[in-house]
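What follows is one structure encoded as structure tokens, with my remarks underneath.
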Amino acid sequence: MYVSVATQAGGSAPNEDWVGCTPSLAVVLDGLSTAGLDTGCRHGVPWYVAQLGGHLVAALASPEKSLADGLAQALEQVAALHPACDLKNPGTPSATVALLREGPDRLDHLVLADSPIVLEKENEFVVLTDLRVDEVCGDLRAETERFETGTPEHSASVARLVSAQRAIRNTPEGYWVASVGPEAAYHALTGAAGADEVRSAAVLSDGVSRLVTEYQMATWAAVFDELRAAGPASLISTVRNVEATDPHGRRWPRYKAGDDAAVAFCQRGVGV
């Protein structure tokens, strides 16, 4: 398959999204916000997603290895890179994971947390995502929506939310993300579609998918039209233009005025 990619930071802070690909694999990682809280790690989230992304691509170079096994291997390898850090800290760097791999007759997918994969089929768009994080801490999420983005009150409420999420992250009572332990890989949602069923696919961080899901300023059909016509960087620019009309989060309450964004657009049967 032909894969085109783009990523962009949401503001002045370093980009905590990561995107990578091979001719048969697309990877998008979205590093979880620290909200200024301690992580116990001297390296930081951008380092973590870069290391995890690289190790994922290497682990999944073997087509016989399942996506979950490849993720578990990569998680163990990255944890071994920084043993001097406090890996038991509940805020240790972590990320969502979205993987799409083309095989001879099918497309395998894995999603862990809320970075979606969207499949374009003949007459429909199929959204593959893991929204278990939305089932927890609802009262604190609602609290953040009462304040304008960027205000001290908003920042404090986001820190309270992140602190509460950390307490149940990677537990049966909470939700699962890529972090330290390989067991998270086996809580991911996985599946496959027949290769001949899928025209193209988009692997996204939620900094991009919100154009459709939260902002409701585009349809999936429009997103795929733009991806085909102008590519992933253009789609990210469209998201930024929409966000610029609501810089304080009054119309669309959110954690940041602009979130980091990453896209891998996968087209089957298309050559360079």
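Condition check ((1) in contact with a Ser or Thr (Cβ under 7 Å, 6 or more places away or on another chain); (2) in contact (Cβ under 8 Å) with a residue 12 or more places away in the chain; (3) open to solvent by 50 Å² or more (accessible area, probe 1.4 Å)) across all residues:
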| residue | (1), (2), (3) |
| --- | --- |
| 2 | no, yes, yes |
| 19 | yes, yes, no |
| 24 | no, yes, no |
| 29 | yes, yes, no |
| 33 | no, yes, no |
| 43 | no, yes, yes |
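Could you count how many residues in the stretch 241-272 are charged (D, E, K, R) and either free of Cβ contacts under 8 Å to residues at least 24 places away in the same chain or more than 25 Å from residue 3 (Cβ to Cβ) (or both)?
Total satisfying the criteria: 6.
What are the pairs with Cβ atoms under 9 angstrom where one residue, in the stretch 133-154, is of a type in the set (Gly, Ala, Ser) and the other, located anywhere, is exposed (fewer than 13 other Cβ atoms within 10 Å of the Cβ)? Sequence gap at least six, or different chains.
Sorted first by the residue in the stretch 133-154, then by its partner, the pairs are 150/247.
Just the residues that are out of contact with any helix residue (DSSP H, G or I) (no Cβ under 7 Å at 6 or more places or on another chain), farther than 16 Å from residue 258 by Cα and not in a strand (DSSP E or B), please, taken from the stretch 185-215.
187, 195, 196, 197
Which ones in the stretch 4-17 are in contact (Cβ under 8 Å) with a residue 60 or more places away in the chain and of a type in the set (Ser, Thr, Tyr)?
Result: 4, 7.
Just to check your reading of the model, which residue among 227, 235, 189 is aliphatic (A, V, I, L, M), under 19 Å from the mean Cα position of the chain (by Cα), open to solvent by 60 Å² or more (accessible area, probe 1.4 Å) and more than 24 Å from residue 40 (Cβ to Cβ)?
189
Considering only residues that are touching a residue at least 12 places away in the same chain (Cβ under 8 Å) and of a type outside the set (A, V, I, L, M, F, W, C), look in the stretch 75-89 and name the one that is surrounded by the fewest Cβ atoms within 10 Å (Cβ to Cβ).
88
The values are calculated or read from the model by the stated rules, or taken from the named source; none is laboratory data. For clarity, every value in this text was computed on a predicted model and none was experimentally measured. Don't worry about glycine lacking a Cβ; one is built from the backbone with ideal geometry, like all the others, and counts go over all protein chains shown. Heavy atoms of the whole protein, side chains included, go into the accessibility calculation; ligands, DNA and RNA do not. Shrake-Rupley method; radii C 1.70, N 1.55, O 1.52, S 1.80 Å.
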